[in-house]
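**Student:** Below you'll find the structure I mean.
The values are calculated or read from the model by the stated rules, or taken from the named source; none is laboratory data. The structure presented is a predicted model; accordingly, all values stated were derived computationally and were not measured. Using ideal geometry, Cβ is built from the backbone for each residue, glycine included, and neighbour counts are taken over all protein chains shown.
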Amino acid sequence: MTKITPQPGIMDIAHYQGGQSHVAGVAHVIKLSSNENPFGPSPKAIEAVRDSAATLHRYPSTDHAPLRDAIGARHGLDPARIICGVGSDEVLQFVAQAYAGPGDEVIYTEHGFSMYPIIARMAGATPVMVPEKDRHVDVDNILAAVTGQTRIVFVTNPGNPTSTMIPESELVRLVEALPDSCLTVIDGAYAEFVDDFDGGASIVDRFDNVIMTRTFSKVYGLGGMRVGWGYAAQSIIDVLNRVRQPFNLSLTALAAAEAAVKDEEFLSHCQAENARLRVWLSDELAKIGVLSDASCTNFILARFTDQAEAEACDDYLKTQGLIVRRVAGYNLPNALRITVGDEDACRRVVEAITAFKEGAA
């Protein structure tokens with residue numbers, strides 16, 4: 001009997017672990033483990049979802065033209081150079097599928113998004129992790145890891161779960177030093193939380209071997225819809241569209257994302273509240289000895305004395321109905337990633353961690 005076996009590398013993939021959303025024995029919890037928008041989606045996006053129900057018997061567009069036009073108008077980009085996917089994860093998968101394979105190497109950084117090595121292995125390529133420096137991407141460490149087999153470099157900017165970012169000048173230095181045969185991916189899932197930051201679009205416009213990706217799952221509050229997009233040179237977008245399923249995004253998801261990206265008033269409200277509360281949350285925790293780097297995202301990375309204290313604090317927070325994210329799997333065992341919630345959630349986090357620290361003293 002012939003034994004059916006998966007392709008090499010598939011069984012090396014560890015299952016992705018999403019943020020916890022339930023605590024046994026606790027009826028009412030505040031989920032701060034997945035960096036979701038505490039204010040939900042735009043009311044206009046909700047209305048668009050309702051309106052789409054009457055046409056659910058119709059196939060969605062295959063070219064996503066209305067959404068690409070709306071994204072282009074919002075960010076001043078050429079819609080023809082935009083590709084949409086089921087979350088930015090799918091766009092990242094397109095990149096690996098199209099540009100990496102057996103014998104190739106894919107570089108990602110120590111605290112980078114955990115999907116990068118998964119995506120590399122899905123394509124049969126070898127993931128190569130390089131160290132960061134004080135929770136920041138280090139360009140020199142990336143360049144030192146480049147070999148003749150390197151085909152893709154993934155950079156999360158701002159970082160997840162670090163919340164830090166590197167300046168555009170460093171990204172440009174990286175791209176200029178990489179061989180022309182290597183594609184740089186600037187993953188900007190949290191770009192909207194940074195003032196005057198284009199997510200890497202200006203770098204894409206300067207180089208033919210760079211793609212930036214964005215998502216509607218964070219500031220736009222559409223994590224449940226799964227919509228993301230990428231922007232690159234026309235030649236790259238043409239390649240990626242050849243491996244994209246024609247109906248990868250549902251009619252409802254397309255409608256919701258288009259409405260969301262057009263609602264600039266709601267976007268501005270979410271950005272302003274996040275900016276205000278993340279500073280308050282970080283400052284208040286610092287007063288009790290729980291430090292974090294200046295955040296460029298909608299979460300903070302709270303650092304504790306050691307892994308035991310971080311885990312004990314996490315256990316205590318769960319008893320208080322507060323779910324945050326352990327990040328030992330990202331080589332940050334002494335830290336907890338805490339989503340910036342609404343004001344009530346932030347105050348409850350500070351009160352709970354204060355009580356934990358006082359009880360542990």
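**Student:** Arg337: assigned to a strand (DSSP E or B) and under 24 Å from the mean Cα position of the chain (by Cα), yes or no?
**Tutor:** Working: assigned to a strand (DSSP E or B): yes; under 24 Å from the mean Cα position of the chain (by Cα): yes.
Yes: the conditions hold for Arg337.
**Student:** Another question, then. If Val185 satisfies all but one of (1) at pLDDT below 95; (2) in contact with a Phe, Trp or Tyr (Cβ under 6 Å, 6 or more places away or on another chain), what's the number of the condition it fails?
**Tutor:** (1)
**Student:** Something else: Say whether the condition of being of a type in the set (Asp, Glu) and touching a strand residue (DSSP E or B) at 6+ places or on another chain (Cβ under 9 Å) is met by at least one residue in region 261-274.
**Tutor:** Within region 261-274 (the criterion being of a type in the set (Asp, Glu) and touching a strand residue (DSSP E or B) at 6+ places or on another chain (Cβ under 9 Å)), the answer is no, since none of the residues qualifies.
**Student:** Considering region 207-218 alone, what residues qualify as being surrounded by fewer than 24 Cβ atoms within 10 Å (Cβ to Cβ) and touching a residue at least 60 places away in the same chain (Cβ under 8 Å)? Spell out how you get there, then give the answer.
**Tutor:** Residues of region 207-218 that are surrounded by fewer than 24 Cβ atoms within 10 Å (Cβ to Cβ), as a first pass: 207-209, 217.
Selection gives Ser217 alone.
**Student:** Same structure again: Out of curiosity, is Ser250 of a type in the set (Gly, Ala, Ser) and within 18 Å of Tyr59 (Cβ to Cβ)?
**Tutor:** Details: of a type in the set (Gly, Ala, Ser): yes; within 18 Å of Tyr59 (Cβ to Cβ): yes.
Considered against the rule, which asks whether it is of a type in the set (Gly, Ala, Ser) and within 18 Å of Tyr59 (Cβ to Cβ), Ser250 comes out as yes.
**Student:** Would you confirm, using the coordinates I've provided, whether Thr215 is within 30 Å of Val349 (Cα to Cα), in the same structural domain as Val155 (by TED's automatic domain parsing) and β-branched (Val, Ile, Thr)? It would help to see each step written out before you state the result.
**Tutor:** On the way: within 30 Å of Val349 (Cα to Cα): yes; in the same structural domain as Val155 (by TED's automatic domain parsing): yes; β-branched (Val, Ile, Thr): yes.
When the stated conditions are applied, Thr215 passes them.
**Student:** Being closer than 16 Å to Arg214 by Cα and in a loop (DSSP other than H, G, I, E, B), is that true of even one residue in region 88-102?
**Tutor:** At the first step, the residues of region 88-102 found to be closer than 16 Å to Arg214 by Cα are 88-95.
Going one step further and asking which of them are in a loop (DSSP other than H, G, I, E, B), we end up with none.
No, region 88-102 has no match at all.
**Student:** Filtering region 103-125 down to residues that are in contact with a strand residue (DSSP E or B) (Cβ under 6 Å, 6 or more places away or on another chain) and not in a loop (DSSP other than H, G, I, E, B), which residue is nearest to Val137 (Cα to Cα)?
**Tutor:** It comes out as Thr109.
**Student:** Report, by residue number, each residue of region 118-135 that is in contact (Cβ under 8 Å) with a residue 60 or more places away in the chain and under 29 Å from Leu291 (Cβ atoms).
**Tutor:** The answer is Arg135, and nothing else.
**Student:** Taking Glu284 as the residue in question, decide whether it is assigned to a helix (DSSP H, G or I), touching a residue at least 24 places away in the same chain (Cβ under 8 Å), within 17 Å of Arg50 (Cα to Cα) and of a type outside the set (Gly, Ala, Ser).
**Tutor:** Working: assigned to a helix (DSSP H, G or I): yes; touching a residue at least 24 places away in the same chain (Cβ under 8 Å): yes; within 17 Å of Arg50 (Cα to Cα): no; of a type outside the set (Gly, Ala, Ser): yes.
When the stated conditions are applied, Glu284 does not pass them.
**Student:** If Ala54 satisfies every condition in (1) within 24 Å of Met165 (Cβ to Cβ); (2) without any contact (Cβ under 8 Å) to a residue 12 or more places away in the chain but one, which is the exception?
**Tutor:** Unmet condition: (1).
**Student:** Being of a type in the set (Val, Ile, Thr) and either surrounded by fewer than 20 Cβ atoms within 10 Å (Cβ to Cβ) or part of a loop (DSSP other than H, G, I, E, B) (or both) is true for just one of Val261, Val204, Val279. Which residue is that? Lay out the reasoning, then the answer.
**Tutor:** Values: Val261 fails: either surrounded by fewer than 20 Cβ atoms within 10 Å (Cβ to Cβ) or part of a loop (DSSP other than H, G, I, E, B) (or both); Val204 fails: either surrounded by fewer than 20 Cβ atoms within 10 Å (Cβ to Cβ) or part of a loop (DSSP other than H, G, I, E, B) (or both).
Criteria check complete, one pass: Val279.
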